[in-house]
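For reference, the structure is listed below as structure tokens.
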Amino acid sequence: MELKRLMKSPVLSCSPNDSLESAARIMWENDFGCLPVTDGEGRLVGMITDRDICMAAYLQGGPLRTLYVGSAMAREVFSCRPEDTIDDCKTIMRAKQVRRLPVIDGEGGLIGIVSLSDLGQRARRDGQRQKGAVTYGEVGETLQAISKPRRAAPLATAA
């Protein structure tokens, strides 16, 4: 199945020049954990998560209304195309350890988004009824790959 049949569209996004307060408000009001970041032409230029916002507030030491999305967003973004398959999507999510993939057109314009949750909901609908169905096992394997530690965290020591 092609992603254009699974992706959510249209997608809310923000700009690198928006305040972190504005991005946080969009996430809160829509129950999102991340937002794609687009330029003035609608091209995908980054992603920002609720965690990125929290860490920016802590590390930059300012109120969210004075900090900007461009200072906290991830600039390396992994994406897919609407004609890609669900298997392509799972492969990217697993390899790059991401829970959400923006879907872009040939010019880099944001046209949709696919999340791990979308895969899980599709598995529930598909069950084992059809060839090429998304299975709970595949969703679990994708979650497991996404959740692997990228590097060992330093151990805290007591003084």
Checklist entry - Can you name the condition, by its number, that Arg51 falls short on among (1) touching a residue at least 60 places away in the same chain (Cβ under 8 Å); (2) under 15 Å from the mean Cα position of the chain (by Cα); (3) outside any loop (DSSP other than H, G, I, E, B)? => result (1)
Next on the checklist: surrounded by 14 or more Cβ atoms within 10 Å (Cβ to Cβ) and either modelled with pLDDT of 95 or more or under 12 Å from the mean Cα position of the chain (by Cα) (or both): which single residue out of Arg99, Arg65 fits that description?
Outcome noted: Arg99
Item to check | region 80-96, subset more than 14 Å from Leu143 (Cα to Cα) and crowded, with 19+ Cβ neighbours inside 10 Å, residue nearest to the chain's Cα centre (by Cα) | outcome: Cys80
Item to check | Sole residue being closer than 21 Å to Lys148 by Cβ, out of contact with any Lys or Arg (no Cβ under 6 Å at 6 or more places or on another chain) and modelled with pLDDT of 95 or more, chosen from Thr49, Thr135, Thr91 | outcome: Thr49
Next on the checklist: Tell me whether region 79-86 contains one or more residues that are assigned to a strand (DSSP E or B) and in contact with a Leu (Cβ under 9 Å, 6 or more places away or on another chain).
Outcome noted: yes
Checklist entry - Within region 43-62, how many residues turn out to be buried (at least 17 other Cβ atoms within 10 Å of the Cβ) and of a type in the set (Gly, Ala, Ser)? => result 3
Item to check | Ile146 being modelled with pLDDT under 80, within 23 Å of Leu35 (Cβ to Cβ) and β-branched (Val, Ile, Thr) | outcome: yes
Checklist entry - Out of (1) surrounded by 20 or more Cβ atoms within 10 Å (Cβ to Cβ); (2) touching a Gly at 6+ places or on another chain (Cβ under 8 Å); (3) small (Gly, Ala, Ser), what's the single condition that is false for Ser15? => result (1)
Checklist entry - Within region 27-35, is even one residue in contact with a Cys (Cβ under 9 Å, 6 or more places away or on another chain) and either within 15 Å of Arg75 (Cα to Cα) or assigned to a loop (DSSP other than H, G, I, E, B) (or both)? => result yes
Checklist outcome for this item: Per the filter on region 1-44, residues of a type in the set (D, E, K, R) and over 18 Å from Met55 (Cα atoms) are Glu2, Lys4, Arg5, Lys8, Glu29, Asp31, Asp39, Glu41, Arg43
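The values are calculated or read from the model by the stated rules, or taken from the named source; none is laboratory data. For clarity, every value in this text was computed on a predicted model and none was experimentally measured. Neighbour counts are summed over all protein chains in view; Cβ atoms, including those assigned to glycine, are modelled from backbone coordinates with ideal geometry.
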